[in-house]
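Taking it in order: structure first as structure tokens, then the write-up.
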Amino acid sequence: MLTFFQHGIRRLFDLADAGFNRVFGQTCNPLHQLGALSFYFFWLIVVSGLYLYIFFETSATAAYESVEYLTHEQWYLGGVMRSLHRYASDAFVVTMTLHLIREFAFNRYRGARWFSWVTGVPLLWLAFASGIGGYWLVWDKLAQYIAVTTAEWVDWLPIFTKPMARNFLSQAYLSDRFFSLLIFLHIAIPLMLLLAMWIHIQRITLARTNPSRTLAIGTLCALLAVSLVRPALSQGGAANLDIAVSVINLDWFYLLTYPLLEVWSAGGLWLLLGGLTLVLTILPWLPPAKKAPVAVVDPDNCNGCRRCFADCPFEAITMQAHSKRPGFEEAVVNQSLCASCGICAGSCPASTPFRSIEDLVSGIDMPQLKIKELRLKTKVALEQLTDDVRILVYGCDHATDVKAVQNSGVAALSLPCIGMLPPSFLDYVLQEGSASGVFITGCAGGDCYFRRGNTWTDQRIDGQREPVLRARVAREQIRILWTGLLQKKELTKKIEDFRVSLKAVGHD
Amino acid sequence: MIKLGQFAGQLIAYTLFAVTIGYFSASPAYVRLAPDQAVVKLSFSHAGQSVGDCYERSDEELAKLAPNMRERVVCPRERHAVSVELSLDGKLMYRETLQPSGMSRDSASSAYRRFTVKAGRHFLKVQLGDRSPEEGYTSVLEQYVELVPGQVLVIDFDEGISNFILK
């Protein structure tokens with residue numbers, strides 16, 4: 001059932017990905033940067049919010065007037081900042097929600113990644129509390145609706161001895177003191193949100209918290225444009241608790257559940273949101289993921305070079321004093337953090353197929369596919385090639401199935417992650433003369449299932465990251481395609497293009 | 001170099017993004033209250049009477065206590081539950097027995113209820129009992145009210161006159 005949902009949503013994302021890739025390119029595809037965009041929108045909210053706070057009067061009687069002043073008398077800056085504050089908050093909810101759905105659809109929330117998922121759940125509550133609290137401060141008709149409805153909803157919980165809603169019975173009941181509390185909360189809750197966002201990315205190496213410059217500028221321009229075309233305005237004048245709110249323009253990004261309170265009981269909504277929170281929290285263990293074997297360090301072959309430490313996308317590797325070589329370090333794998341991607345094996349200088357020792361053992365290896373076995377499988381695959389142009393494809397288990405493109409001229413091997421492939425294997429395959437070219441494929445750029453596999457592979461081949469591909473390897477004999485999951489047609493076409501180009505330059 | 005087609009595509013994407021954000025940020029409108037409706041809110045916070053009478057300790061009893069505990073008059077802390085009933089045009093809208101708050105059940109009983117009603121003239125009756133159930137309701141307010149559309153009528157309990165007031 002869960003898998004059915006995942007596949008269905010994933011298919012939609014793949015379709016959207018294909019479209020965005022064409023328009024933005026893989027490196028600027030907004031769907032690959034939803035988390036980073038959320039961070040970016042958060043900072044836009046902070047900057048615009050700080051400006052608003054300078055002019056904001058922190059009392060129930062003067063708050064509305066101060067916001068009106070900003071909106072109308074200072075529309076060119078204060079009004080734009082108010083609109084930007086609102087629209088960036090809406091964009092934050094959009095990217096945050098899409099980020100959650102995407103990570104679920106791509107199955108990137110289980111096993112070692114449970115921490116990022118679970119710590120993301122409170123973010124939802126904090127984000128909505130921050131946004132809804134902000135609407136309250138304008139103290140217009142919308143604020144009145146939100147204040148009364150929120151208070152009625154919260155009163156269902158046995159927290160307060162006197163109902164919170166009594167604060168909003170009529171104008172006579174309103175106190176500046178309570179209003180000051182709301183302002184404090186509108187600062188404190190976003191600070192808690194920031195702290196929670198920081199915790200959320202703690203088990204991730206080099207977490208992407210900044211979107212590409214193109215997207216940052218593009219989305220900012222879009223938000224500024226909507227701020228100018230449709231500025232955020234107060235609704236229905238200042239709040240008047242003696243007159244009920246009849247018709248109101250809701251911000252549906254934040255207040256989608258509020259109308260439910262008119263048809264359900266407050267308890268019903270608590271049950272829905274509480275239940276949803278509970279399901280999201282335990283989702284990584286529904287059912288528990290089968291733990292794949294984690295990386296294993298061989299001290300005899302580990303020289304403490306720190307490459308695996310630098311490349312691990314999940315901070316699963318630390319360095320400690322070498323157990324056999326005084327003065328050296330050795331890598332240590334934290335089993336609970338290891339996602340079994342194998343990127344560490346791909347980074348190890350001992351993971352080279354050229355080594356002539358009898359038993360090829362890497363400094364760090366994956367039990368399910370050791371470097372020794374990868375070399376053997378490579379040899380076997382090469383032996384199957386009989387055409388004049390022979391291509392060996394290295395793919396990844398989380399992208400398009402490379403086995404499906406095999407024929408007499410194309411052999412394929414799939415790895416847990418393409419980042420597990422040491423660059424020396426490309427040299428090895430071409431030096432042997434058994435293949436005319438090597439085709440490398442994996443997840444779309446910027447959207448690797450294990451976060452960094454395709455990025456590190458690109459950098460290793462380009463000579464920007466250790467272990468680098470040796471200069472003697474002819475780059476024309478290597479072709480790279482980063483693509484999504486269901487891109488067999490594109491993969492087949494690119495391999496055929498590669499075959500033609502190899503033949504054209506005489507690599508047959 | 002960005003191609004013209006990509007530029008156009010990005011422009012469309014950013015426009016869609018802006019339009020989506022701009023539209024759903026304040027549309028469509030939500031109708032919470034029909035044009036011919038008004039709101040009645042019944043809310044109060046009132047402590048029921050003590051469940052027992054105060055009594056005076058005898059000198060012997062006081063002598064047994066520590067010097068700082070020798071309070072002659074002792075009153076029970078617990079309060080009675082507060083019963084409340086609201087009817088509009090003879091139709092019962094709300095009836096509840098509200099327990100006192102506090103760990104020792106010695107604080108006020110509180111209520112908050114919102115009702116949406118047709119605007120116009122109504123006969124309102126609200127009753128409260130803050131003693132033992134046998135004594136029934138001790139405070140009663142009966143009154144015709146004229147509600148205009150959109151009006152919020154608040155029914156609160158005034159401790160000064162020990163009865164409900166309308167605001």
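The values are calculated or read from the model by the stated rules, or taken from the named source; none is laboratory data. None of the values given here were measured: they were computed from a predicted structure. In this analysis, Cβ positions are derived from the backbone assuming ideal geometry, glycine residues included, and neighbour counts consider all displayed protein chains. Heavy atoms of the whole protein, side chains included, go into the accessibility calculation; ligands, DNA and RNA do not. Shrake-Rupley method; radii C 1.70, N 1.55, O 1.52, S 1.80 Å.
Residues of the stretch A:241-296 that are closer than 19 Å to A:Glu103 by Cβ and buried (at least 17 other Cβ atoms within 10 Å of the Cβ): A:Leu280, A:Pro284. Given (1) buried (at least 19 other Cβ atoms within 10 Å of the Cβ); (2) within 24 Å of A:Leu220 (Cβ to Cβ), identify the lone condition not met by A:Thr97. Single failed check for A:Thr97: (1).
Close contacts from the stretch B:42-70, counting a first residue that is under 30 Å from B:Glu134 (Cα atoms) and among the basic types (Lys, Arg) and a second that is at pLDDT 90 or above and in a loop (DSSP other than H, G, I, E, B), with Cβ to Cβ under 6 Å and a gap of 6+ residues or different chains, come to B:Arg57/B:Arg72.
The listed residues are A:Gly25, A:Gly79, A:Gly19, and the only one of them that is open to solvent by less than 30 Å² (accessible area, probe 1.4 Å) and on the phi > 0 side of the Ramachandran plot turns out to be A:Gly25. When A:Val389 is tested against (1) over 16 Å from A:Lys493 (Cβ atoms); (2) surrounded by fewer than 22 Cβ atoms within 10 Å (Cβ to Cβ); (3) among the β-branched types (Val, Ile, Thr), just one condition goes unmet, and that condition is (1). If we scan the stretch B:132-149, do we find a residue that is in contact with an Asp or Glu (Cβ under 7 Å, 6 or more places away or on another chain) and open to solvent by less than 20 Å² (accessible area, probe 1.4 Å)? Looking through the stretch B:132-149, none of the residues is in contact with an Asp or Glu (Cβ under 7 Å, 6 or more places away or on another chain) and open to solvent by less than 20 Å² (accessible area, probe 1.4 Å). Search the stretch A:218-229 for residues being crowded, with 18+ Cβ neighbours inside 10 Å and touching a residue at least 40 places away in the same chain (Cβ under 8 Å), and hand back the single one that is nearest to the other protein chains (Cβ to nearest Cβ). So the residue we want is A:Val226.
Got at least one residue in the stretch A:448-457 being part of a loop (DSSP other than H, G, I, E, B) and either at pLDDT below 90 or under 15 Å from A:Gln26 (Cβ atoms) (or both)? For the stretch A:448-457, residues part of a loop (DSSP other than H, G, I, E, B) and either at pLDDT below 90 or under 15 Å from A:Gln26 (Cβ atoms) (or both): present.
One line per residue, one yes/no per condition, for (1) basic (Lys, Arg); (2) in contact (Cβ under 8 Å) with a residue 40 or more places away in the chain; (3) more than 9 Å from every other protein chain (Cβ to nearest Cβ):
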residue	(1), (2), (3)
A:Leu193	no, yes, yes
A:Arg213	yes, no, yes
A:Leu255	no, yes, no
A:Tyr258	no, yes, no
A:Ile282	no, no, yes
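Would you pick out the residues in the stretch B:8-28 that are under 42 Å from the mean Cα position of the chain (by Cα) and either within 7 Å of chain A (Cβ to nearest Cβ) or among the hydroxyl-bearing types (Ser, Thr, Tyr) (or both)? Within the stretch B:8-28, B:Ala18, B:Thr20, B:Ile21, B:Gly22, B:Tyr23, B:Phe24, B:Ser25, B:Ala26, B:Ser27 qualify. Scanning the stretch A:158-170 for residues that are of a type outside the set (Ser, Thr, Tyr) and surrounded by fewer than 16 Cβ atoms within 10 Å (Cβ to Cβ) turns up A:Pro158, A:Ile159, A:Phe160.
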